[in-house]
Amino acid sequence: MEGCIHTLFQIRAGKCLVEGDLVQPDLRKGTLALVRTEDQLLRVQWSLRDSLEPEEAFYVFEDAYLVRIDECTDGHVYALRFTENDQELLYWMQETSIGIIKGFVDMVNHTIGYRQDNRECTMMDLE
């Protein structure tokens, strides 16, 4: 068992399974959380709601951020992206309140230290 881990923020969320170009929801009930580890590092982790152990855990630094996937029109799918590589993890929010989802995403991005100008491609680059 790990040392002291402090949960900063959490939200009800499921994982998305990616197979080629197809994205399918993992229908299990889960929790997506930002935690601070004993050594003061930040980690995003996903676990089943009835489990104490995370199924996925990723250390995050200023290059990580959560962003909504606008192409998903039948749910609230968000990607955990990393600007230093092309890694992308997809989660579907199981909260019904848009305000709760937006608040969670904003708090996570702010706490990680992500700033819009950290991204390789900003809206100004597209103009």
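Only the coordinates and a few stated rules stand behind these numbers; no lab work does. Since the structure is predicted, the reported quantities are computational estimates derived from the model, not experimental observations. Reconstructed Cβ throughout: ideal geometry from the backbone, glycine too, with neighbour counts over all protein chains shown.
Label-to-label distance, CYS72 versus LEU41, with points set 7 angstrom from Cα along the beta-carbon direction: 2.7 nm.
Quickly rank 89-99, 65-75 as a protection proxy: mean count of other C-beta atoms within 10 Å, highest first.
Order by mean packing, descending: 89-99, 65-75.
Residues whose amide H comes within less than 5 Å of that of CYS72, counting only those at least five positions distant or on another chain, are absent (H built at 1.01 Å from N in the peptide plane). Over the range 1-59, the hull volume per residue, using the convex hull of the C-alpha atoms, is 89 Å³.
The convex hull built on the alpha-carbon positions of the chain has an orientation-averaged projected area of 8.7 nm². Quick one: go through the range 40-59 and flag any residue whose amide nitrogen is under 17 Å from the point 7 Å out along the Cα-to-Cβ line of PHE82. Correct set: 41-46, 55-59.
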